[in-house]
Structures are given as C-alpha cells and as structure tokens.
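Peer 1: One structure follows; several queries about it will come next.
The values are calculated or read from the model by the stated rules, or taken from the named source; none is laboratory data. Note that the coordinates shown come from a computational prediction; the quantities given were computed from them, not determined experimentally. Methodologically, a virtual Cβ is constructed for each residue, glycine included, from the backbone with ideal geometry; neighbour enumeration extends over all protein chains shown. Calculation scope for accessible area: heavy atoms of the full protein, side chains included, ligands and nucleic acids excluded. Shrake-Rupley method; radii C 1.70, N 1.55, O 1.52, S 1.80 Å.
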Amino acid sequence: MKRQALLLLAIVLLGLNLRPALAAIGPLLDRIQRDTGLDHVAASLLTSVPVVIMGLGALACGPLRRRLGDNGGILLGVLLIALASLLRGLLPAASTLLVSAVLAGAGIAFVQALLPGLIKSRFAADSGRLIGFYSCAIMAGAAFGAAFTPWLAQSLGWAWALAGWTLPALLAAAVWRRAAPSTGASAVVSTPPLVTWRWPRAWLLMSFFGIGTAGYTLVLAWLPPYYTALGWSAQASGLLLAALTLCEVVAGLLLSSLLPRFPDRRPLLAAVLLSLLAGLIGLQLAPETLVVPVALLLGVGIGGLFPLSLVVAQDHLDDPRQTADLLAFVQGGGYLIAACAPLLAGLLRHYSTDLSLSWQLMALATLVLMVMAVRFSPPRQQSPLDALTD
C-alpha cells in the first residue's frame, strides 16, 4: 500500500512538470521578445516547437520503450525537462530558448507517451479516473507556471524565473526513481503491438485529440499577449491564465469523479465543448467586460476536453500495451496538429496585429469537434483483430 501511494505521488509530480516549460512563456513573451529580438512568428515557435517535438517523441516512444523500458524512458523525459529549464537561465538567448524548447518537448513527449500505459497496467480497475486525475495535475502545472513565473521574474529576471522550474523537475525525477515499479508495463503483457495506422478509429481519435488540444495550446501561448495588448500588465495576464488553468483543474477533477457514472462519454463531451465554444465567442465580443465568465467557460471547456480525449481513447482497448500504443499514436499525431494553432496565430498577429481571427477559427474547429464526438458511442473493449478491422 505504501509503495502504491508513493507511485501515485510520483505520477502527480510528473504531471505537474509537464506544462510549466510552456505556460511560463506566455506572460513573459513581450519582455522576452524585447530582450532577444524575436518577432511574433519566431516567438510563437517557443510554444509550437515543443508541441511538435511532443508529437514526434510520442510517435517514437516504441523504440524508447524497448531500449530503456517505461521506467527509464519516463526518468529520461523528466531529466530533459530539468535540463531545458536550466539552459534558459544559463544562456538567455533566442537560440538557446529554441534549443530548450526542443529538449522540453522531447522530455514531455517521453513522459506523456509512456505514463498512461503504465497507469493502465498498475491500476487497471480504475485507470480512467486516474488518467483523469493525472491530466488535472498536468493542467495544475500550467497554472503554477503561468502564475508564479512573472512574479519570480520581477526579482530574478525572466531567464532565471524560467530556470526555476528545474528544481520541481529534479524532485519529480528523484521521487519517480524511488517509486517506479520494478518492471515496466511492457514486461507484464504478451500481446503484440497495435498497428494503429491501419485502424480508422485511431485516426479519428487522433484528430479529435489534436483539434481539442489546439484550443489549449492557442490559449496557453496567446491569451496573455492578447490581454497585454489590451493594456494589462504581465503579472495580471499571467494571473488570468493561472485562474483559467485553475478552472481547468477543478473542471477536470469534477469530470474525473463523474466518469464512472457516464459510460457513454458523449453527454460530458457535449457539455465541455459547448462551454469552450461560449468562451471563445465571449473572448471575441467583450474580452474585458466578460473576462470572468470567459475564463470560467474556457477553463471548463479546455479542462474537461483534455482528460476526456485521453479517456475516450483508452476506453477502446483493455490491454495495457495496446492502450499505450494507441495513446502514443493519438498524442503523437494530435500534438502535431495542435502545434499548428499557436504558429498560425503568430502568423495572423504578424500581419494583422489582432488575434480575433484566431479565436474565430478555433470556434469553428469546436463545431467540428461536436460533430466528431457524436461517433464516440459507449465503449466496447476490442481485441487486436477488431482494432484492425473496425
């Protein structure tokens, strides 16, 4: 029991370290651009590049698992996050920021691709709810990154404020090394790997996750600059992003607790997608007057959609190894899709100096998600043969 509790603590700590490297950038972006000379498009790469690497890294996690195992791959991932954060303090230049973005993206990818399969293996009876709670820890890490980094930057400067996230990553690595199971999830199962690219449902799940996560990356990267352009301070815009992310965490926790009551996930999906759509509309019509309801609606929408996307995917299969293969494919391709959102917003801002069109495009994408969600009927556990012929 003590070992299980330590493993749960390690999972939470790992989740908390998967977003500060991204979320800490937005509130400081204007200052970083002034000091490094990055234009809007190059600045958008600080969020887009990690997300692209997160996608590529997830797709490549199979060879990583075979070489290092789940435990070693997860440990390597969190150490790469620590190294990326440290480099930002030691060498605060535009080129270093881009290199650190690559390292952080790779580290996040390894942890995200390997950890859900391990959760499925170790906590099979309650894996859906635990994956939901793990997703909430990810969003809580984003809240901490957005809220605390601007305040640290006031006394330490932006570079060392970003580097401050080295310490939590090292703590997570130390706890994981002590708590990690003696054997990885891949050693527990004997079924063959899932050939995801031959399964149409895997492509649907990947697209759904990618478009939904695009809303998350868009808000993460450009909501603070959107409000600083309206006259808000970096601290105020950072607190807004943190408050929104706190709403994401609360929504994710509530949704995770409700999952056992909704074997059909579609009512929950409908609720969070409607909330996301309403928040995006409010963000365009009256961003300052409606700032509180906008933060609540976006937080509920994004905070519910992210864990639900993972849970809906893992519902499809019972075998831990095949679930890990499916989630790696869903996250790998999905993050490549999601990486386009902040980059496209940076391009639009470069030529129009306005982000309204970006919110409008995301609102249209949300309508597409609603149509896609109709196909996610109540889960039916499948065999590998079923998965290849659905």
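Peer 1: Could you please find all residues in the stretch 10-43 being over 22 Å from Ala147 (Cβ atoms) and within 20 Å of the chain's Cα centre (by Cα)?
Peer 2: Scanning the stretch 10-43 gives Ala10, Ile11.
Peer 1: Please verify whether Phe306 is part of a helix (DSSP H, G or I), open to solvent by 20 Å² or more (accessible area, probe 1.4 Å) and aromatic (Phe, Trp, Tyr), treating the condition exactly as stated.
Peer 2: No: the conditions fail for Phe306.
Peer 1: Would you mind telling me which numbered condition in (1) surrounded by 24 or more Cβ atoms within 10 Å (Cβ to Cβ); (2) under 16 Å from the mean Cα position of the chain (by Cα) Gly333 fails?
Peer 2: Only one criterion is unmet by Gly333, namely (1).
Peer 1: Sticking with this one: Looking for something aliphatic (A, V, I, L, M), at pLDDT 85 or above and not in a helix (DSSP H, G or I) - is there at least one such residue anywhere in the stretch 236-258?
Peer 2: Checked against the condition, which is being aliphatic (A, V, I, L, M), at pLDDT 85 or above and not in a helix (DSSP H, G or I), the stretch 236-258 yields no hits at all.
Peer 1: Name the helices (runs of 4 or more DSSP H) wholly within the stretch 1-71 that hold at least 1 residues that are open to solvent by 30 Å² or more (accessible area, probe 1.4 Å) and under 24 Å from Leu152 (Cα atoms)?
Peer 2: 2-16, 25-36, 40-59
Peer 1: Now, a different point. Please work out if Leu103 is at pLDDT 85 or above and either crowded, with 19+ Cβ neighbours inside 10 Å or not in a helix (DSSP H, G or I) (or both).
Peer 2: yes
Peer 1: Sticking with this structure for a sec: Being open to solvent by 50 Å² or more (accessible area, probe 1.4 Å) and either touching a Lys or Arg at 6+ places or on another chain (Cβ under 9 Å) or part of a helix (DSSP H, G or I) (or both) is the filter here, so list the residues in the stretch 72-94 that pass it.
Peer 2: Leu76, Leu79, Leu83, Leu86, Leu90
Peer 1: In the stretch 299-308, is there at least one residue being within 23 Å of Met372 (Cβ to Cβ), without any contact (Cβ under 8 Å) to a residue 40 or more places away in the chain and touching a helix residue (DSSP H, G or I) at 6+ places or on another chain (Cβ under 9 Å)?
Peer 2: Initial filter on the stretch 299-308 (within 23 Å of Met372 (Cβ to Cβ)): 299-308.
Keeping just the survivors that are without any contact (Cβ under 8 Å) to a residue 40 or more places away in the chain gives none.
No - not one qualifying residue is present in the stretch 299-308.
Peer 1: Here's a check for you: in the stretch 171-205, which residue that is modelled with pLDDT under 85, open to solvent by 30 Å² or more (accessible area, probe 1.4 Å) and assigned to a helix (DSSP H, G or I) is farthest from Leu64 (Cα to Cα)?
Peer 2: Arg198
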